[in-house]
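Notes for the one structure printed next.
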Amino acid sequence: MNWNPGDIVRVTQRTGEYITEVLEIHDSKLLVKVLAVTKYPTQGDLHSSYEVDVPLFHQRPALSYMEKFMTPVQGVIRYNGAIPDYKESVRQAMEREMEKLAKMAAWAERCLVELEKMHKEAFTNTK
């Protein structure tokens, strides 16, 4: 796809996703600037998923409003919707991520309860 300065596109940068404006085209990369956040970056050590006892548990903030970065052309998707207010987009993306993690925690807790029940049934009073 051909991109032009001024095009509004959605891109992934590290583990976050952003609505951005194309500023410049450089061969197979685009220089873009952040307008809004659609997915808040993942927290923690990306090389040790779901581990909390790691040397450095990374805290990743979203990229800043108007922050510029280079992105590969192949991951760029045209964005045709309304561009939300940056600060509101950060709040909503962060809250979605928090809700997702809370659901995962509740699910994991329930799985553990059920596994403990089955373990008790299977291995208690067996001869």
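A short reminder: the numbers here are calculations on the coordinates, not readings from a lab. Keep in mind it's a predicted model, so treat the numbers as computed, not measured. Counting neighbours? That spans all protein chains shown, and the Cβs are built from the backbone with ideal geometry, glycine included.
Helices in the chain, meaning DSSP H runs of at least 4 residues, each add -39500 (n - 2.57). Divided by all residues, the mean residue ellipticity at 222 nm is -11000 deg cm²/dmol.
Note on segment 8-123: Lys pairs 8 or more places apart or on different chains, Cα atoms under 19 Å apart, count 8. Across segment 8-123 the C-alpha pair distances fall into 5 Å bins from zero in the proportions 2, 11, 16, 17, 15, 12, 10, 6, 4, 3, 3, 1, 0 percent. Projecting the Cα atoms of Gln13, Tyr79, Val32 onto the charge dipole of the chain (Cβ charges, centred on the Cα centre) puts Tyr79 farthest toward the positive pole. The calculated FRET efficiency for Ala122 paired with Leu101, based on their beta-carbon distance and R0 = 25 Å, is about 0.20.
With K and R counted +1 and D and E -1, the other residues having a Cβ less than 14 Å from that of Phe57 yield a net charge of -2. The packing ranking, built from the mean of other Cβ atoms within 10 Å per residue, places the peptides 47-58, 85-96 in the order 85-96, 47-58, highest first. Label sites at Thr15 and Val113, each approximated as a point 7 angstrom past Cα along Cα to Cβ, lie 2.8 nm apart. Assuming charge only on the beta carbon of Lys and Arg (+1) and of Asp and Glu (-1), the dipole of the chain about its Cα centre is about 180 debye to the nearest 20.
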